[in-house]
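The values are calculated or read from the model by the stated rules, or taken from the named source; none is laboratory data. Everything numeric here is computed off the predicted structure, so don't read it as measured data. Don't worry about glycine lacking a Cβ; one is built from the backbone with ideal geometry, like all the others, and counts go over all protein chains shown. Protein only, heavy atoms only, side chains kept; ligands, DNA and RNA dropped before computing areas. Shrake-Rupley method; radii C 1.70, N 1.55, O 1.52, S 1.80 Å.
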Amino acid sequence: TTKVVDASLVTTLTGTAAAIAAAATLDANGTTTLKADFGATVDEGAVAASDLNTISGRTTATIDATAATAINGTATQVSDALADTQINHDADFTVTLTNNSTATAAELIAINAATNQPVTATGVTAITGSISDVNTVLSAEANQDTPGDAIDLDADFTVTITDTGSVAATTLTTLDTD
């Protein structure tokens, strides 16, 4: 239709995260009118974290994503979705981070803490963070290039340390051997 669709009486949208996000985008574009506090119930299956973030940006109500079996995207997208108190999720979902992406060590730690399933970060090419946070990530990823760790990384990522001031040389050499 070329007219605005009025869905302002709808209290809950159900479906895939992509379909609900598309409806939220139509609302943002002004071609559909949704209730400001519409609820959302996401179907079972893999979801894009960016879709959950889009939905959250258009409603003040709760988003039920407890049926999601995987939440995927960049580390920033996934950590933002998991930190959003409007988005309900359980801890039984996998995460696959986008290929050729970057992550902060703090994001990887937060993602790992939110799920009891593996975090596949083999596409992450660069990690930035404090020595302490990077060491926490590396301890969760005990065997590089071996699936099954809490955080799975490739062996060919760069690390940028954000600590300032004095750092013990042995700390850097230990980090380099991990």
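Every listed requirement among (1) under 13 Å from the mean Cα position of the chain (by Cα); (2) assigned to a strand (DSSP E or B) is met by ILE111 save one, (2). Among the residues in the stretch 70-85, are any of a type outside the set (D, E, K, R), surrounded by fewer than 21 Cβ atoms within 10 Å (Cβ to Cβ), in contact with a Gly (Cβ under 9 Å, 6 or more places away or on another chain) and on the phi < 0 side of the Ramachandran plot? There is at least one residue in the stretch 70-85 that is of a type outside the set (D, E, K, R), surrounded by fewer than 21 Cβ atoms within 10 Å (Cβ to Cβ), in contact with a Gly (Cβ under 9 Å, 6 or more places away or on another chain) and on the phi < 0 side of the Ramachandran plot.
Quick one: in the stretch 116-161, which of the residues that are part of a loop (DSSP other than H, G, I, E, B), among the hydroxyl-bearing types (Ser, Thr, Tyr) and at pLDDT 90 or above is surrounded by the fewest Cβ atoms within 10 Å (Cβ to Cβ)? This residue is SER130. Among what's in the stretch 86-97 and is closer than 17 Å to ALA18 by Cβ and over 10 Å from the mean Cα position of the chain (by Cα), pick the residue that is most open to solvent (accessible area, probe 1.4 Å). Applying the filter and picking the extreme gives HIS89.
Checking each residue in the stretch 162-174 for being open to solvent by 60 Å² or more (accessible area, probe 1.4 Å) and not in a loop (DSSP other than H, G, I, E, B) picks out ALA169, THR170, LEU172, THR173, THR174. Would you confirm, using the coordinates I've provided, whether ASP84 is in contact with a Leu (Cβ under 9 Å, 6 or more places away or on another chain) and either at pLDDT 95 or above or more than 24 Å from THR171 (Cα to Cα) (or both)? So ASP84 fits the description; yes. Residue under question is ALA68, and the condition is that it be within 15 Å of ALA46 (Cβ to Cβ) and hydrophobic (A, V, I, L, M, F, W, C); does it hold? The answer is yes for ALA68. With respect to THR66, determine if the residue is surrounded by fewer than 16 Cβ atoms within 10 Å (Cβ to Cβ) and either polar (S, T, N, Q) or in a loop (DSSP other than H, G, I, E, B) (or both). Judged against the criteria, THR66 is a match. Looking only at residues in the stretch 1-56 that are assigned to a loop (DSSP other than H, G, I, E, B), hydrophobic (A, V, I, L, M, F, W, C) and open to solvent by less than 60 Å² (accessible area, probe 1.4 Å), the one that is nearest to ALA75 (Cα to Cα) is PHE38. Does SER50 count as closer than 24 Å to THR12 by Cβ, of a type in the set (Gly, Ala, Ser), modelled with pLDDT of 95 or more and within 10 Å of the chain's Cα centre (by Cα)? In short, yes.
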